[in-house]
Amino acid sequence: MGEATVLSLHNVSKRFGELRALDEVSLNVEFGERRAIIGPNGAGKSTLFNVIAGELRPSAGKVVFQGRDITNLPTHQRAIIGIGRTFQATTLFPKLTVIENVILALQAMSRVRLQCLRHRAHYRELEEQAEKSLTEIGLVSKAHVPVGHLSYGEQRQIEVLLSIVHRPKLLLLDEPAAGLSPGDVPLVLDILRRVPRETTIILVEHDMNVVFELVDYITVLHHGKVVATGTPQEIRENDYVQEIYLGGRYEPAASGRCPHLLW
Ligand SMILES: Nc1ncnc2c1ncn2[C@@H]1O[C@H](COP(=O)(O)OP(=O)(O)OP(=O)(O)O)[C@@H](O)[C@H]1O
């Protein structure tokens, strides 16, 4: 593990009865990196994600964040030390404007009590911070629009924004493109590309276009084991990975692209 390592997993296993959902998974994610976890259905992606987020305790192994063993740290304490995850749409306040939603998200993570928001100075401070975030991420033109008036894709952009306003060191994204229409995918991709590099990103995602557009490295899981780690290019060219996705029926397509993954 180098100085620049943000998160490392050491031989993490998770058993559900006889089933090994994760089998001695080790990986290192470096500061500023964008990393995807991919694999076929049942590979162990969600289990791994939940172990990192703190929703599941591993049966064995260690999770280390910035040099600190967090294997048994509860989810809410992980948030305090800088591990964030996306808010779900249900946590948005549809009648409030975008900037008001951002101010509430900032308030929730700060020591400012809700009633203190009535004090002009506190409110102004959070408002300035919110404006800065909106400008940085390219959403300032939407600041005064009620969230309920935004399209579904735009609301997903706000979810991403709310998860980064307090500048987590590590952001965990659980299928950021799930449920999006093809037209909305670029909106979310655009926001994710604008997340400052001071926030490292780990995402689980089925949409390979999103994965290849966004990440620096990919970890491939199969039957709970890491079977490959590499750049998008390396993973694309990895015959074993293609075989896994095609259930052992791998035949190179005429175009040289993997049809199942739409490579
Ligand atoms: N709470 C649980 N109890 C029992 N088995 C579980 C539980 N959660 C997951 N599993 C099993 O662990 C294995 C890995 O599941 P997981 O959901 O992590 O895979 P995945 O890669 O996220 O799959 P998908 O792409 O279908 O979401 C599967 O065989 C699944 O059935």
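Along the Cα-to-Cβ line of N209, 7 Å from the Cα, sits a label point; which residues in segment 153-177 have backbone N less than 18 Å from it?
So the set is 153-154, 156-157, 175-177.
Name the longest site-free stretch of the chain, where the excluded sites are GluC sites (Glu not before Pro) in a DSSP loop with no more than 16 other beta-carbon atoms within 10 Å. Can you show the working numbers first?
Numbers: sites that count: E3, E18, E55, E198, E237.
My reading of the result: 56-197 is the longest stretch.
Taking DSSP loops as anything outside H, G, I, E and B, show the longest stretch in the chain free of trypsin sites (Lys or Arg not before Pro) there with at most 13 other beta carbons within 10 Å.
Details: sites that count: K95, R111, R113, R197, R249, R257.
Longest stretch, sites excluded: 1-94.
How much accessible area per residue does the chain have, counting only protein heavy atoms and a probe of 1.4 Å, in square angstrom?
Values: 13110 Å² over 263 residues.
Per residue, the chain has 50 Å² of solvent-accessible surface.
Using only DSSP helix segments of four residues or longer, with each worth -39500 (n - 2.57), what per-residue ellipticity at 222 nm results for the chain after dividing by its residue count and rounding to 500?
Details: 9 runs with 87 residues, N = 263.
Theoretical 222 nm ellipticity from helices: -9500 deg cm²/dmol.
Determine, for the chain, the count of lysine pairs separated by eight or more sequence positions (or lying on different chains) whose alpha-carbon distance falls under 27 Å.
15
Evaluate the distance, in nm, between pseudo-label points positioned 7 Å from the Cα of N41 and of S181 along their respective Cα→Cβ axes.
2.6 nm
So how tilted is helix 152-164 from the main axis of the chain? Cα-based, degrees 0 to 90, rounded to 10.
80 degrees
To the nearest 20 Debye, how big is the dipole of the chain about its Cα centre, given +1 on the beta carbon of each Lys and Arg and -1 on that of each Asp and Glu? List each step's numbers first, then the result.
Working: 29 positive and 30 negative charges, 192 e Å.
Computed charge dipole of the chain: roughly 920 debye.
For helix 120-137, what angle does its Cα long axis make with the longest principal axis of the chain, in degrees from 0 to 90 and rounded to 10?
40 degrees
Calculate what fraction, in whole %, of the accessible area of segment 142-226 sits on carbon and sulfur atoms when a 1.4 Å probe is rolled over the protein chains. Kindly include the intermediate steps, with their values, before the conclusion.
On the way: 1630 of 3210 Å².
Solvent-exposed carbon and sulfur of segment 142-226 make up 51 percent of the total.
Once both labels are modelled 7 Å past Cα along the beta-carbon direction, what's the K62-F93 spacing in nm?
Output for this residue pair reads 4.3 nm.
Quick one: if the Förster radius is 25 Å, what FRET efficiency do E128 and A108 give, using the C-beta to C-beta distance and rounding to 0.05?
Efficiency, from the Cβ-Cβ distance: 0.90.
Over the chain, what is the relative contact order in whole percent, taking alpha-carbon pairs under 8 Å and six or more residues apart? Walk me through the numbers before you get to the answer.
Numbers: 451 pairs, mean separation 64.7, N = 263.
Once normalised by length, the contact order is 25 percent.
The values are calculated or read from the model by the stated rules, or taken from the named source; none is laboratory data. For clarity, every value in this text was computed on a predicted model and none was experimentally measured. With ideal geometry, Cβ positions are generated from the backbone for all residues, glycine too; neighbour counts draw on all protein chains shown. All accessible areas refer to the heavy atoms of the entire protein, side chains included, with ligands and DNA or RNA removed. Shrake-Rupley method; radii C 1.70, N 1.55, O 1.52, S 1.80 Å.
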